[in-house]
Amino acid sequence: MSTAGRGRLRALGLVLPLLLFILVTFVAPLATMLLRSIHEPAVADALPETVAALGEWDGEGLPPEAAYEALARELVRARGERTLGKVAGAVNRVRSGLRSVFTRTARDLRDVGAGPWRDVLEGIDPAWAEPATWHAVRQTGQRFTSRHYLNALDLQRMPDGSVARQPEERRIYVSLLWRTLLVSAVITVLCLLLGYPVAHLIAHAPERRANVLLALVLIPFWTSLLVRTTAWIVLLQTQGVINDLLVAVGLVGDDGRLAMIYNMTGTIIAMTHVLLPFMVLPLYSVMRAIPGQYMSAASSLGATPAQAFFRVYWPQTLPGVGAGSLLVFILAIGYYITPALVGGSKGQLISNMVAYHMQTSLNWGLAAALGGILLAGVLALYMLYDRLVGVERLSLG
């Protein structure tokens with residue numbers, strides 16, 4: 001083997017552990033999430049004959065007797081194989097109330113010897129005489145489906161195959177997604193307004209003072225996120241430090257204390273504090289590389305301080321502004337712990353709904369679809385930034 005070939009193998013050997021780490025911890029979970037958002041085989045695996053019989057049904061009226069017979073046989077088998085819970089849960093997500101119908105039917109079928117199965121099933125539960133029940137079974141019997149993405153966009157597929165909006169009381173995800181984007185944009189702007197002068201101060205301070213200021217900025221990284229969030233609860237609550245201070249100086253009355261916690265105000269304040277360092281550090285890394293003589297030269301040429309800033313200094317800091325804004329916005333979109341602790345019911349973001357479906361409702365397909373939509377939004381934002389500013393100008397220090 002040539003020297004160049006051995007060099008390539010040696011380089012591959014050095015990089016291989018990192019590639020495997022990225023594959024196992026990032027690529028594989030991401031691919032699994034995207035697959036789960038469109039692949040739900042529970043009903044198709046447990047009720048294959050029923051799904052096949054419903055495939056020949058035109059959707060008008062009730063399905064043929066063969067579908068009733070196949071369902072009766074497969075429900076008993078699913079109960080014995082302990083897969084009935086997954087089937088009932090999947091169908092119940094499409095049509096509420098069917099979980100109990102499935103479990104009751106499978107239990108009562110043990111004592112039934114023969115058909116006609118349509119009369120048997122309708123005798124156990126009248127839901128089997130409703131076409132909507134069978135449409136729900138046929139819809140969940142698809143192994144690959146867009147149902148979760150439709151639900152994530154507050155849409156639904158009708159029995160005739162058309163797509164329509166969910167009933168008004170079930171339209172929650174689109175409004176929550178817009179709220180997440182709006183809150184993330186507000187937090188990004190606040191972090192820029194607060195972080196820009198802080199980064200400028202650190203970048204132009206003497207070295208010893210700059211080190212102290214930089215350490216103060218980095219303190220949040222050295223403190224537990226849970227501790228920081230809990231501290232804001234102590235500060236912002238109705239009987240908290242900030243309200244007590246406002247009452248003491250006479251800005252508000254004791255009976256007019258401000259509600260700054262368990263709402264969107266608390267979410268924005270706490271998340272801005274947590275994410276501020278992610279704005280300051282990219283700005284600082286760019287600002288410290290800008291020679292101070294540029295502003296002096298602009299002043300000597302007759303520019304006012306405002307003109308010198310906006311025409312000389314500000315354009316040179318745009319790579320840091322873009323990097324910090326992109327970083328803060330992307331992190332804010334996916335934040336979960338802080339909104340969950342300080343947001344209450346009015347300060348929740350889309351990430352809290354993803355966590356709910358992962359941990360409580362166990363609707364992993366919908367959670368994966370919501371995550372996929374967030375991923376698509378982040379990629380679109382990245383592409384927009386690349387088109388308008390250029391990724392090559394992005395600087396993280």
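The values are calculated or read from the model by the stated rules, or taken from the named source; none is laboratory data. Note that the structure is predicted; figures quoted are calculated from it, not measured. For neighbour counting, all protein chains shown are included, and Cβ atoms are generated from backbone atoms with ideal geometry for every residue, glycine included. Only protein heavy atoms, including side chains, enter the accessible area calculation; ligands, DNA and RNA are left aside. Shrake-Rupley method; radii C 1.70, N 1.55, O 1.52, S 1.80 Å.
May I ask you to list the residues in the range 147-164 that are surrounded by 13 or more Cβ atoms within 10 Å (Cβ to Cβ) and under 21 Å from TRP178 (Cα atoms)? Within the range 147-164, ARG147, HIS148, TYR149, LEU150, ASN151, ALA152, LEU153, ASP154, LEU155, GLN156 meet the criteria.
Filter the helices (runs of 4 or more DSSP H) completely within the range 87-206 down to those with at least 2 residues that are charged (D, E, K, R).
Working: elements: 98-108, 117-124, 131-140, 147-152, 173-203.
Answer list for the range 87-206: 98-108, 117-124.
Sub-9 Å Cβ pairs linking a first residue in the range 230-253 that is in the same structural domain as ALA340 (by TED's automatic domain parsing) to a second residue that is of a type in the set (D, E, K, R) and surrounded by fewer than 12 Cβ atoms within 10 Å (Cβ to Cβ), at least 6 apart or interchain, are VAL247/ASP254, ordered by first then second residue.
Taking ASN92 as the residue in question, decide whether it is open to solvent by 20 Å² or more (accessible area, probe 1.4 Å), polar (S, T, N, Q), within 30 Å of LEU326 (Cβ to Cβ) and not assigned by TED's automatic domain parsing to the domain that holds MET264. Write out each step before concluding.
Details: open to solvent by 20 Å² or more (accessible area, probe 1.4 Å): yes; polar (S, T, N, Q): yes; within 30 Å of LEU326 (Cβ to Cβ): no; not assigned by TED's automatic domain parsing to the domain that holds MET264: yes.
No, not satisfied.
How many residues does the range 265-292 hold that are part of a loop (DSSP other than H, G, I, E, B) and more than 15 Å from LEU213 (Cα to Cα)? Show your work before the answer.
Within the range 265-292, the first condition is being part of a loop (DSSP other than H, G, I, E, B), and the residues that meet it are 288-292.
With the extra rule that they be more than 15 Å from LEU213 (Cα to Cα), the set shrinks to 289-292.
Residues that pass the stated criteria total 4.
Taking the criterion of being open to solvent by less than 60 Å² (accessible area, probe 1.4 Å), within 30 Å of ASP154 (Cβ to Cβ) and part of a helix (DSSP H, G or I), would at least one residue in the range 309-326 satisfy it? Taking every residue of the range 309-326 in turn, at least one turns out to be open to solvent by less than 60 Å² (accessible area, probe 1.4 Å), within 30 Å of ASP154 (Cβ to Cβ) and part of a helix (DSSP H, G or I). Note on the range 335-350: residues that are crowded, with 22+ Cβ neighbours inside 10 Å and under 19 Å from LEU30 (Cα atoms) total 2.
Quick check on my filter: what residues within the range 351-365 are of a type in the set (A, V, I, L, M) and open to solvent by less than 50 Å² (accessible area, probe 1.4 Å)?
Kept after step one, since they are of a type in the set (A, V, I, L, M), are these residues of the range 351-365: 353-355, 358, 362.
If the condition is that a residue be of a type in the set (A, V, I, L, M) and open to solvent by less than 50 Å² (accessible area, probe 1.4 Å), then MET353, VAL354, ALA355 are the ones that fit.
For ARG311, state whether it is of a type in the set (Lys, Arg) and in contact (Cβ under 8 Å) with a residue 24 or more places away in the chain.
In short, no.
Looking across VAL241, VAL183, one residue alone is open to solvent by less than 60 Å² (accessible area, probe 1.4 Å) and closer than 23 Å to MET260 by Cβ. It is VAL183.
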